[in-house]
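All remarks here apply to the structure that follows.
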Amino acid sequence: MSSVDEFCDSLFSKEPESPGSVSLTIDVSDPSEQFEVFLLIMTNGLKKWYGDKINIISVSLAHIQKLKEYFISFSINIHVDQEPKPDIYSVDNSAYLHKSKLEDMRFTVVGPTSLYTIWFSFAIL
């Protein structure tokens, strides 16, 4: 694929394929760029289902599961952790730029009552 958008168009144009059956070749220079590509793929999938404005609280568990199936098709696990939103919190979504391992990179979305943390790991198939 020549671009992330073309990959997403192809990926989300059909039902998820079997684990490890989809080839994703991305030309990135460091792990943080790889993380950003995975975030873009996730966002494109959500936009397909919810339009350009995605409200985290309207994302269904069924669509989260479907995203997991799409990601595992190219050997990546997507994780979405939910925790109650504390009274005082700080979100630094640029901290991943200082990490060297994909599994350590996090992106947090704040909902009305919860914090949702998204991260990725390589699937062992």
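Any read-out appearing in this document is the output of simple, stated calculations on the displayed coordinates, not a laboratory observation. Just so we're clear, the structure is a prediction, and the values are computed from it rather than from any experiment. With ideal geometry, Cβ positions are generated from the backbone for all residues, glycine too; neighbour counts draw on all protein chains shown.
For each of ILE54, ILE41, ILE124, ILE76, count neighbouring Cβ atoms within 10 Å of the residue's Cβ, then give the residues from fewest to most.
On the way: ILE54 14, ILE41 25, ILE124 7, ILE76 20.
Fewest-to-most ranking of ILE54, ILE41, ILE124, ILE76: ILE124, ILE54, ILE76, ILE41.
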Seminar exercise, completed: Dipole check, segment 4-122, charges on Cβ (K,R +1; D,E -1), about Cα centroid: among PHE7, THR113, LEU46 the Cα furthest to the positive pole belongs to THR113
Seminar exercise, completed: Taking the dipole of segment 60-125 about the Cα centre (Lys, Arg +1; Asp, Glu -1; charges at Cβ), the one of GLN65, VAL80, VAL91 that reaches farthest to the positive side is GLN65
Exercise. If the limit is 25 Å between Cα atoms, which of LYS53/LYS85; LYS68/LYS101; LYS53/LYS99 go over it?
Worked result: LYS53/LYS99
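Report, in cubic angstrom per residue, the convex hull volume of the C-alpha atoms of segment 1-90.
Details: hull volume 10.9 nm³, N = 90.
Once divided by residue count, the hull of segment 1-90 is 122 Å³.
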Exercise. Quick one: TYR89, TYR50, TYR70, TYR116, fewest Cβ neighbours within 10 Å first, how do they rank?
Worked result: TYR89, TYR50, TYR116, TYR70
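Roughly how big is the chain's charge dipole about its Cα centre, with Cβ charges of +1 (Lys, Arg) and -1 (Asp, Glu), in debye to the nearest 20? Mind showing how you got there, number by number?
Working: 10 positive and 17 negative charges, 70 e Å.
Dipole magnitude for the chain comes out near 340 debye.
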Exercise. So what are the ³J(HN,Hα) numbers for segment 79-95, from phi and the Karplus equation (6.51, -1.76, 1.60; θ = phi - 60°), rounded to whole Hz, Gly and Pro as x?
Worked result: 10, 10, 9, 10, 9, x, 6, x, 4, 10, 8, 9, 10, 10, 7, 9, 4
